[in-house]
Each structure stands twice: as C-alpha cells, then as structure tokens.
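Before any comments, here is the structure.
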Amino acid sequence: MARVSLPDAGAIKKDRRVPSDHSQPALPSPCVSVCQIDPVSGNCLGCHRTRAEIAAWRDMTADEQRDLLEQLRQRRQDATGVRRRPTRRRS
C-alpha cells in the first residue's frame, strides 16, 4: 500500500522512528476523539494537531512526541485563551 505524502510530513524524519523492539516506550496519543479539522487553521479542534502530525505520530520518536505535546499545549492555549493548570494528584 503506497503512503500518501502530506504537505508538511517531510518535517518528520522516518529514519528516527522508535525501534521496532519498543526499547523506547511510546507516549499515548493526544487524540481526544473530537476529530474535526478547522478549515482556517488546519488543526484538529480536539487535539490541535495537523493532519500530517496525526499521521506521523506513531513513527515519531518519544522525544519528537514530547516536543509536539509541548507545541500542542501552546496551540490549545492560543486557541482557547485559557491556560490549563497542571493536575495535582494526591497520593
């Protein structure tokens, strides 16, 4: 099956993906099951990722995923104008 190339998918290097032995644990997807792409920004209204970022998530290294998660926090804040506090969990 041929892969469809997306406009900014080239920014993610395929040779740096997580090894198949999963020696580096994958992070959970930021998807929140609200999958609608905003026609103006091109970002998902739920997780704030672009289509290319959604497609490339599983091929990213854990470091790339963490970097993207930080960008998504900023995008969420920019989109909503609300800053989310870190959760304080009790032991």
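Return the residues of the range 54-67 that are in contact (Cβ under 8 Å) with a residue 24 or more places away in the chain and in a helix (DSSP H, G or I); say none if nothing qualifies.
ALA55, ALA56, TRP57, ARG58, ASP59, ALA62, GLU64, GLN65, ARG66
Go over the candidates ARG75, ARG85, ARG17 one by one and state the one that is of a type in the set (Lys, Arg), touching a strand residue (DSSP E or B) at 6+ places or on another chain (Cβ under 9 Å) and at pLDDT below 95. Talk me through it step by step, then tell me what you get.
Details: ARG85 fails: touching a strand residue (DSSP E or B) at 6+ places or on another chain (Cβ under 9 Å); ARG17 fails: touching a strand residue (DSSP E or B) at 6+ places or on another chain (Cβ under 9 Å).
Selected residue: ARG75, the only one of ARG75, ARG85, ARG17 that is of a type in the set (Lys, Arg), touching a strand residue (DSSP E or B) at 6+ places or on another chain (Cβ under 9 Å) and at pLDDT below 95.
The values are calculated or read from the model by the stated rules, or taken from the named source; none is laboratory data. None of the values given here were measured: they were computed from a predicted structure. Every residue, glycine as well, gets a Cβ built from its backbone with ideal geometry; the counts of neighbours run over all protein chains shown.
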